[in-house]
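Here is the structure we will look at.
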Amino acid sequence: MSLKDTLKEAVKQMAFKTSLDSLKKKGVQQVSVLGIDRIIALIDEAVHRSLKSRLVGVEREAVADATKAEFLRMLRSNEELQAQKSEVQKLKERAEEEVDQLRRELQSQHQELQIKLDAGDPARASRYEGENAAIAGRVNELFHLLGQSGGAIGLSTVQDKVLELLMEVVAGERKDAEAARKALHDRDVDLLQRRIGKLNESLAHTERRLREVAAMKSLDDGISSVYRDVQGLRADDMQVGRKKELMAEIFKANLQLQKKKSQ
Amino acid sequence: MSQNEGGAGTPAKDHGVLYIGMDLGTSRTSVSASNGVRETVYSMVGYPKDVVSRKLLKKDVLFGKEALEKRLSLKLYKPLEKGVLKYTGDGSMSDEAKANLKAAQDLIGEAIRLAKPRKDELIYCVIGAPAEASMKNKEAIIEAARAHVDSVMLCSEPFSVAYGLEWLEDVLVIDIGAGTTDLCRMHGTMPEDADQVMYDIAGDAIDAELARLIEKHCPGAQFTIHMIKDIKERWGYVGEPSERAIVELPVDGKPTPFDLTEHVRTACAILIDPIIKGIHKLVASFDPEFQTRLKNRVLLAGGGSMIKGLDTAVEKAMKERLGGGKVIRIEEPIYGGANGALKIAHDMPEEFWEKLK
Ligand SMILES: Nc1ncnc2c1ncn2[C@@H]1O[C@H](COP(=O)(O)OP(=O)(O)O)[C@@H](O)[C@H]1O
């Protein structure tokens, strides 16, 4: 965002909205209107002016010092970069471990989910406490009613009533249990699926980071040689003369061997 | 995988020069590099026998100890074993020889990987190969190495061992390996046939002799040849014993201590006779003017040179049978060849490397 845009945003946020009617009610008759772009231009100008005046006042040495300081800072950051190299290596290892961990976790979550999905047994439905009491209550109620009727109702009717009650209770119970089981199951599955989603996301993220880190040139595997340049015999070697002859002899034999090969 | 492949992804080789010295031995291959890395791997290469094994092992090729451990699911090669890379008379190869050649090439690649080179460094490599390697084998070795390095040179293994000790001339190198004891007279860099003698009395022969002695003198003792080898590597000595070799071996399943001091000495001592014979042969056929010098510059190398007291024992036998001599044992038998090859790589002038690129 440019400075201007930032200012615009800030001014907009500070301004409050009001209607003309409410202004009138407050007794305001006339309003001076200043466009937002104009306000921004003014602030912008003020900022630039103040910056300019300060810069003009800065002395040459101060600038030179600042430049030197910046130069030193850059040097230091270069050194830090070197240090970061091994830091990055460590990071890479940690990231790799993380990925490994995430993969394992993901797998175990998948397994858990599978177990949950497989579990379709309605026998798992739990019975709630007090339900027995409720049924007993309703049976009592029924018999109470029968008692009130003063024995006018026949045995078959009693049988029908009891059966009806029983069916009702059982059906209700079954439905409840089913619903409870399903809710539980749905919640678990939902939770697991969400967790897996998150793990997948985090795995992808870590893998991406790992790829980035691996792509950095400084992470070439291998151990550096102690030599930067090709060596050769040392001039102060005690047997430099004879060694030179021997080296030439080995070279000649190899030249013959390798030239023949490439023909 | 070649690190020299062209293309945009190839990093500029402007970060340094890595020298690698390699000792391509019959039983083990060692590298020593100018980044401080030293590694050794048994010269064994295994490829999964079938699809099932490959799936199980999750690898296309295994090396060294790992290959040995998984050998039941592998086709196992020891590509540098004597005669394995043989060419037939007309210069062509059998399928078995071809397979061994590929194994040798994979092994060289693995050895270079073990040196942990950086992609942005020049890699110059010197390989010490068995002195008796044929011309064709040398070409194959070079070809294999070229796929991984910028420039490569071959030299004979006894030369690199001697060069590592700054012994440039008139040296008698005795390399006591597993299968063979190789004696080589060095004057110049490339020994000829007349400069070499080979005996198949070496590490394995000691193991066999020790096993025979234990079987004969320790009734009921149970053992495998691997246990015998371990006993030899732990207690092996000739001459005066510095300690008693008390070793527990199972008898009827029950660990029972045996004093093997004498047997270990007798078994190890089988080396001395062939060594003296070999020295005699190489000294007697040498320029008379330099015979004494050669006798005084005998170098013991290879895993078998770690037998305690061997240098003194050989010296003593030389005094009795050849009228004197001096024997030195190299300090690091496992890395002696690789260290010497590394030194040669370092001393090789730049223009030579350049010309072989
Ligand atoms: N400490 C030791 N004492 C005696 N022998 C040893 C010792 N260490 C290794 N060896 C033997 O050295 C032999 C291998 O020598 P090495 O130089 O590695 O083989 P090669 O020259 O065949 O590649 C084996 O027989 C091994 O048992």
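Summary table
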item	result
Cα principal axis extents for region B:90-142, largest first, Å	42, 21, 15
Exposure of B:R28 as accessible area (Å², to 10), given a probe of 1.4 Å and all protein chains	70 Å²
Whole-Hz couplings from phi, Karplus 6.51/-1.76/1.60, listed for region B:198-206; x for Gly and Pro	9, 10, 8, 9, 8, x, 4, 5, 5
Total formal charge among the other residues, if their Cβ is under 12 angstrom from that of A:D100, Lys/Arg +1 and Asp/Glu -1	-3
B:I174 accessible area, assembled protein chains, probe 1.4 Å, Å²	0 Å²
Phi-based couplings in Hz for region A:104-117 (Karplus 6.51, -1.76, 1.60; Gly and Pro marked x)	4, 4, 4, 5, 5, 5, 4, 4, 4, 4, 4, 4, 4, 5
Assigned charges on the beta-carbon of Lys, Arg, Asp, Glu; region B:190-294 dipole about Cα centre (debye)	340 debye
Sequence of B:T261, A:T18 from largest to smallest accessible area, 1.4 Å probe	A:T18, B:T261
Shielding by partners - mean other protein chain Cβ count within 10 Å, residues of B:342-349	5
By accessible area with a 1.4 Å probe, ligands and nucleic acids excluded, highest first: order of A:K252, B:K116	A:K252, B:K116
Area accessible to solvent at A:R208, 1.4 Å probe radius, in Å²	120 Å²
Length-normalised contact order of chain B in % [C-alpha pairs under 8 Å, at least 6 apart]	20 percent
Values of log10 I(q)/I(0), in the order q = 0.24, 0.27 Å⁻¹, for region B:276-357 under a Debye, Cα-only, solvent-free model	-1.08, -1.21
For B:M153, residues with placed amide H under 5 Å, excluding near neighbours	B:C125, B:V126, B:I127
Which of B:G302, B:V314, B:V327, positive extreme of dipole for region B:281-357 (C-beta unit charges)	B:V314
Qualifying aspartates and glutamates (Cα of each under 16 Å from Cα of B:K75; at least 8 residues distant if same chain)	B:D50, B:D60, B:E66, B:D95, B:E96, B:D106
Under the Karplus curve 6.51 cos²θ - 1.76 cosθ + 1.60, θ = phi - 60°, whole-Hz ³J(HN,Hα) for region B:38-46, x wherever Gly or Pro sits	9, 9, 9, 9, 4, 6, 9, 10, x
Links that overshoot a 19 Å alpha carbon limit, given the list A:K244/B:K326; B:K277/B:K319; B:K295/B:K316; A:K116/A:K182; B:K295/B:K319	A:K244/B:K326
Protein accessible surface hidden between B and A, which excludes ligands and nucleic acids, total in Å², probe 1.4 Å	3500 Å²
Formal net charge of residues neighbouring B:V264 (Cβ-Cβ distance under 15 Å; K, R +1; D, E -1)	-2
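The values are calculated or read from the model by the stated rules, or taken from the named source; none is laboratory data. The shown structure was predicted, so the numbers you read here are calculated from the model rather than taken from an experiment. As a convention, Cβ positions derive from the backbone with ideal geometry for all residues, glycine included, and neighbour counts pool all protein chains shown. The area values use the complete protein model at the heavy-atom level, side chains included, leaving out ligands, DNA and RNA. Shrake-Rupley method; radii C 1.70, N 1.55, O 1.52, S 1.80 Å.
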